[in-house]
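Undergrad: I am attaching a structure below and will ask some questions about it afterwards.
Please treat every number below as a calculation from the coordinates, not as lab data. Just so it is clear, the model here is predicted, and its values are computed rather than measured. Ideal geometry is used to build each Cβ from the backbone, glycine not excepted, and the neighbour counts take in all protein chains shown.
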Amino acid sequence: MNAIEELLSEEVRRYEHLYNPSMAGYKDAQMASNSWREISSNVVLAVDLCLKMWRRLRDKYVREKKAILLPFFIAFLVGRTTTTGVKDYNSHSAVQAGEGGRTAEEDEADEPARS
């Protein structure tokens, strides 16, 4: 990130209602407009340029975050060996291969007799 982008991100951080949907003023267009005017004067850029730059930074962050988390999420869903090298024995493929877990007969043999 260059110096202008860092300054812009620090200014936007001060106005949480611009990026946090749980804030009361998140959908308040007038409040957002006033905030962007203040940010633009502090960064010394036009409002539309600040908005465009912020959206680009936000979108880039989201893409990079997804790229980092996606392989872990896929490994979790598939049930393959994790990055620590530990096999997930609760996965569907492990049960099919007969690894780990117990058979229904073993479970029934351990249950006390019902009267």
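Undergrad: Looking only at residues in the stretch 12-40 that are of a type in the set (Gly, Ala, Ser) and surrounded by 12 or more Cβ atoms within 10 Å (Cβ to Cβ), which one is farthest from Cys50 (Cα to Cα)? Quick ask: steps written out before the conclusion?
TA: Within the stretch 12-40, the subset of a type in the set (Gly, Ala, Ser) is 22, 24-25, 29, 32-33, 35, 40.
Imposing the further condition that a residue be surrounded by 12 or more Cβ atoms within 10 Å (Cβ to Cβ) reduces the set to 25, 32, 35, 40.
On the way: Gly25: 19, Ala32: 13, Ser35: 11, Ser40: 6 Å.
Selected residue: Gly25.
Undergrad: Of the conditions (1) of a type in the set (A, V, I, L, M); (2) assigned to a helix (DSSP H, G or I); (3) free of Cβ contacts under 8 Å to residues at least 24 places away in the same chain, Ile4 fails just one. Which one is it?
TA: (3)
Undergrad: Out of the residues in the stretch 41-73 that are among the charged types (D, E, K, R) and more than 19 Å from the chain's Cα centre (by Cα), which is surrounded by the most Cβ atoms within 10 Å (Cβ to Cβ)?
TA: Looking only at the stretch 41-73, we keep the residues that are among the charged types (D, E, K, R), and these are 48, 52, 55-56, 58-60, 63-66.
Filter again for more than 19 Å from the chain's Cα centre (by Cα), leaving 48, 52.
Numbers: Asp48: 10, Lys52: 12.
Out of the qualifying residues, it is Lys52.
Undergrad: Could you check the stretch 8-42 and list, in sequence order, the residues that are closer than 19 Å to Asp59 by Cβ, in a helix (DSSP H, G or I) and not acidic (Asp, Glu)?
TA: Residues satisfying the conditions are Leu8, Ser9, Val12, Arg13, Leu18, Ala32, Trp36, Ile39.
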